[in-house]
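Asks: Here it is: the structure, laid out below.
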Amino acid sequence: MKRLKSFIIAGIVCLVAVLFIIPVESYTTFVHEESISYPSPPRVWSSIVYEDGTAVFRIIRRDTSVKLPDRTCLVQKLMLRILYPNGTLTELDMELNIPPLNYCIVAAKPDNFDPINISALKPGYLLLRYYNATDPSKPETWEEWGMVIDWQGQTYEPKFLGLSFIDANTGTVVPGLSAVTVNINRAKGFLRLAALRETTDCEWQQYSIGENKELIQLSGGVIKLPIFKSAQFATIATVDEGYAIVFANSSDTVNNADPLLPRGGLFALSLAYGQKSINSPSLLYQVPLANLLFTALKCDIAFVGVGHVCTLTVQQNLGDATNPTKSDLYYLKITFLSSGSVTSFTSISRALPTNINVKVTEWVVSSLPYGGYVLVSHLKTQPTGLVMYAYVFDEDETNGIPWELDEPSVTNVAGTYKILPNNTLYFAQQEPSEVRFAGSTSGVLRLTVDGTTYFDQLSAEGQAQFFNNLVNEISTMLTIPPSRLKSSGRFQVDITISPEKQYLISLDIIQTKDKSEKSVESIIKDLDTMILNKEVSPISLGKTTHYLDATYGLRTTQELELKGKDEGFGGLDPFPKPSVGKINDDEHKIDIKDDQLDVKAAKNLEKKNSKSSFQEMIN
């Protein structure tokens, strides 16, 4: 029996605005069946998103012929799945000329070490970072390299980026202590930040991309840090096409005689594009409290207001003889200008969920493009594995609202998630024994009073022909195949208006895998515009379309649900629940858990720029 290998992109729609949050239940599902079969199942390992809405997912598969106790080795290919905004997907499996050591993920805490990293450049291109070593058994020979790859699979000239970091205690290589932030003008390149070997310092480098897609270093330098107990870094692509480097560090210094001595602080450095050196950092915040650990730092352009905003997670250890592990977590928001002037400092006092029957040790706080925050936490549970909790908070509200997916939601082994510029949260999910399917976008049109009167005079056969004519006329006006539109023939009185009777009628917009055709989103926008401007559009000339109400346009089921279910759409059932398709594979029961990969999109929850933050650099 042939085994089905697939991964699924699904989404649940949520509206996140500055002053209010409204959850929505409907979502769509994208299904892709892998064209090549392997002995091991696919896993969505990481993802990147482009400004045009294209998402690229990195897929990994275990190499079943290699079994090592401390690492998982993969099929030696860079496997990318490019999902375009119109719903089409391209498979790209590349055999790269890079050392095999890059295809083994090393087990470690708090995070596994993956030597390969991808970053989004301008649409059509991505940056690959990987490692070279003349002798993999000798940590001092490990180096980080980078090169540009395009969506057709062509690779360009590789470039040495820097030496790998070596743990001073164990003498082993620690991949992952470098990060890249792409310029807000993605054609201008990126900023790299990395921990320097055998020091507590960091190096920064600005790179541009040449005409032949080669990497060109513009500038670089070192950020010197004192010995610290904890450190976190974040980088921002600023609106002036420069960068900002933000870092927080706490010290081990204990001075009971001077309780006001700073024990930790948050600092910022500004870098213009191509700037050759850096100035002294600006102090944004400092605290005299002892026993502090900075465990997370997220920074971005301020979506509400001006300047930049950072959210800092602070843990204070309060242990004593009776409870040595006692600690408190705090979440701070600091907004500041490029000059280093702090414009606001607030503690994010949020009523975190209390109905969770497991201990959540930390929430990762991320700002949302439309204002507010999303708090995400991953937990390992049995028997489901890794699960995700997520809550959305408004800028000013203290109570959060969970999304409408399962709480918690089972995610994949990597806990992959990404926040998009359109306020959408994607995350990867494994489905143990089922795959969810849902139809294309459904919409609702409204007939005018004259159109409703005319429709009532038709026989049942005439009404069916009315819907056929409507689909054909609209498809001709939009220059799309009639198969892209479908109507169930259902209609219902709109009870939100009176005293005249007007019918609501259903219309489905079908997805396509042909890149040359209009996307679902484009069809919705074009048809809505044509109806709203009926007097000057072809809508007024159609034998059937001229009966469409110009004050109503085309409304999707998502819009209707946001307005509330009390508007009289029950008979149309504009909020269909996804049907469930079961996959039974008796021959491969053991692997069926890994065969189905979900990437769910909690719509309208990402950030415009790629963020970078180090985990704790030195324990």
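The values are calculated or read from the model by the stated rules, or taken from the named source; none is laboratory data. Here the structure is a predicted model, which means the values were calculated and not measured. As a convention, Cβ positions derive from the backbone with ideal geometry for all residues, glycine included, and neighbour counts pool all protein chains shown.
Asks: Within the set of pairs 6+ apart or on separate chains, which have a first residue in segment 129-150 that is assigned by TED's automatic domain parsing to the domain that holds Phe113 and of a type in the set (Asp, Glu), a second that is surrounded by 15 or more Cβ atoms within 10 Å (Cβ to Cβ) and part of a loop (DSSP other than H, G, I, E, B), and C-beta atoms under 7 Å apart?
Replies: Note: pairs meeting the criteria are Glu143/Ser164; Glu144/Ser164.
Asks: Only one of Val358, Val309, Val304 is of a type in the set (A, V, I, L, M), modelled with pLDDT of 75 or more and under 26 Å from the mean Cα position of the chain (by Cα). Can you tell me which?
Replies: Going through Val358, Val309, Val304 in turn, the sole match is Val309.
Asks: Follow-up. Within segment 182-222, track down each residue that is charged (D, E, K, R) and more than 27 Å from the chain's Cα centre (by Cα).
Replies: Arg197, Glu198, Asp201, Glu203, Glu211, Glu214
Asks: Of the numbered conditions (1) more than 27 Å from Ile36 (Cα to Cα); (2) assigned to a loop (DSSP other than H, G, I, E, B), Leu96 satisfies every one except a single condition; which is it?
Replies: (1)
Asks: Among the residues of segment 493-540, write down those that are of a type outside the set (A, V, I, L, M, F, W, C), at pLDDT 85 or above, touching a strand residue (DSSP E or B) at 6+ places or on another chain (Cβ under 7 Å) and assigned to a loop (DSSP other than H, G, I, E, B).
Replies: Lys501, Gln502
Asks: Continuing with this model, one more query. Taking the stated definitions as given, is Ser483 in the same structural domain as Leu532 (by TED's automatic domain parsing), among the polar types (S, T, N, Q) and surrounded by fewer than 15 Cβ atoms within 10 Å (Cβ to Cβ)?
Replies: yes
Asks: Would you pick out the residues in segment 44-63 that are of a type in the set (Lys, Arg) and part of a loop (DSSP other than H, G, I, E, B)?
Replies: Arg61
Asks: A follow-up question, please. Taking segment 113-136 on its own, how many of its residues are within 20 Å of the chain's Cα centre (by Cα), in a strand (DSSP E or B) and either of a type in the set (Phe, Trp, Tyr) or modelled with pLDDT under 90 (or both)?
Replies: Matching residues across segment 113-136 total 1.
Asks: With in the same structural domain as Gln315 (by TED's automatic domain parsing), more than 20 Å from Ser367 (Cβ to Cβ) and surrounded by fewer than 18 Cβ atoms within 10 Å (Cβ to Cβ) as the only criterion, which of Glu214, Glu241, Glu198 stands out?
Replies: Glu241
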